[in-house]
């Protein structure tokens, strides 16, 4: 019989198990998109750490054997190219090129997911035009017929080497038009009339299998990415760093869209100028197949309302992000702005199943409470007011709530209780089909009795409740509740007074959890999370 140490040796595990472990490790390590990588680099100045099959293959001879004998581990390729700005000092770049060619060769004949990013500026050094770098788009083209998913953050100087027609198997495309991330240009008014690029525009419209498209950049005729008058294969579009006219253009030319996500330039805050020929009266409401999912972020109120007007009335899932406004104190946090936007939402009442409000107005609770009774088909409601990734809005965290009168209604939603919202969900006829309620708020305060009133009304614990039916017979049983209070980064969770709930209330919620309710009540600060029910 083998000794205990031998039986625990990694080498005795079946190769199939190691392969499954490696696949999970690689899939969880790769970034979802280069757009998220560039966002992280903007915050940290560093590339995120990832695990590659090269890393796994050097651990031991057994691991190397498993890696080299399974082409599936090499079918997702991620490389961020960079080089020294010193002329003719391209050792790192050449080694990365060798790694790319080796990576592709080890994938065998499998379909490829290729993620290619590059350092496209460095103190005036034109990386894209150095001789070794020109080999990168050529390698992409040589394998174009195998690529199913392509994620590019490359220089426009490389577009002349790409022939979109060669990507015959392409299903998912993500492109970052590099110059839109140039800080100097973003801070100017250049996005009103984009400066024409010198390279040819990329036209992927003849890729017959392409259905999912994400572009960070603009679709103007002078832009580096071209959108045809009609693009029937695309069913999923995500656009960021765009102007309002780009959003309408996508909706008009892609008649079979099922999901759309639009985000304007971070500094686009002019209600008075929304791009060439932008007026709500210029467009008729969109017809055709149902658009099921819509996400709108960093919109000025007039644009958000106009896009909601343009969407078919069969929308099922809606996510509204924060508003941009020219005057961040006098206008951006004026409740009237969201009254204006919310007035368009009831048009979808007969079909809308989920509503997500992420980093919206700090005090949106009253217009929201007025809106909810009209959404009689809503199953999921999620509110996320953590104000993360809003570096320009740090003043919101520290504002004196006592001076709320000067801000046209106040910022009490920033450091507020959610009692009024919870109690509105106890009113007969309000969200009768609600099954999922998630709420993540900066420094949430909440009274025990309000939370328990909501839970008792929506679960089987109240008088007359049964296992299958809540205490109130005119509403569905709530199944998933998540309440998270986000603390400021300097807060110590162990001493926090936010979200202080009595022990007897916690015990009742633990009983609900044991009876099948999926419930989380937690405090969060940075990477630390304390679940009060654990």
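The values are calculated or read from the model by the stated rules, or taken from the named source; none is laboratory data. Keep in mind that this is a model prediction, so the values were computed, not measured. FYI the Cβ positions are ideal-geometry reconstructions off the backbone, even for glycines, and counts take in every protein chain you see.
So here's what we get for this one:
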item	result
Given (1) modelled with pLDDT of 75 or more; (2) surrounded by fewer than 15 Cβ atoms within 10 Å (Cβ to Cβ); (3) in contact with a helix residue (DSSP H, G or I) (Cβ under 8 Å, 6 or more places away or on another chain), index of the condition residue 98 fails	(3)
Selection from segment 59-83 of residues that are modelled with pLDDT of 90 or more, touching a helix residue (DSSP H, G or I) at 6+ places or on another chain (Cβ under 8 Å) and not in a helix (DSSP H, G or I)	69, 70, 76, 77
Filter result for the condition that a residue is assigned to a helix (DSSP H, G or I), modelled with pLDDT under 90, in contact with a helix residue (DSSP H, G or I) (Cβ under 9 Å, 6 or more places away or on another chain) and more than 21 Å from residue 140 (Cα to Cα), over 27, 11	11
Candidate set from segment 486-498 (those that are surrounded by 10 or more Cβ atoms within 10 Å (Cβ to Cβ), farther than 20 Å from residue 381 by Cα and out of contact with any helix residue (DSSP H, G or I) (no Cβ under 9 Å at 6 or more places or on another chain)); member that is modelled with the lowest pLDDT	493
Filter result (over 15 Å from residue 78 (Cα atoms) and touching a strand residue (DSSP E or B) at 6+ places or on another chain (Cβ under 6 Å)) within segment 143-163	146, 159
Any hit, segment 378-392, residues being farther than 22 Å from residue 445 by Cα, modelled with pLDDT of 85 or more and assigned to a helix (DSSP H, G or I)	no
Candidates 483, 451, filtered to the one that is modelled with pLDDT of 90 or more, touching a helix residue (DSSP H, G or I) at 6+ places or on another chain (Cβ under 9 Å) and part of a strand (DSSP E or B)	483
Every residue from segment 510-534 that is in contact with a helix residue (DSSP H, G or I) (Cβ under 7 Å, 6 or more places away or on another chain) and part of a helix (DSSP H, G or I)	512
Hits in segment 129-143 - residues which are in a helix (DSSP H, G or I) and surrounded by fewer than 21 Cβ atoms within 10 Å (Cβ to Cβ)	129, 131, 132, 134, 135, 138, 139, 141, 142
Residue within segment 224-244 that is assigned to a helix (DSSP H, G or I), at pLDDT 70 or above and over 20 Å from residue 157 (Cα atoms) present	yes
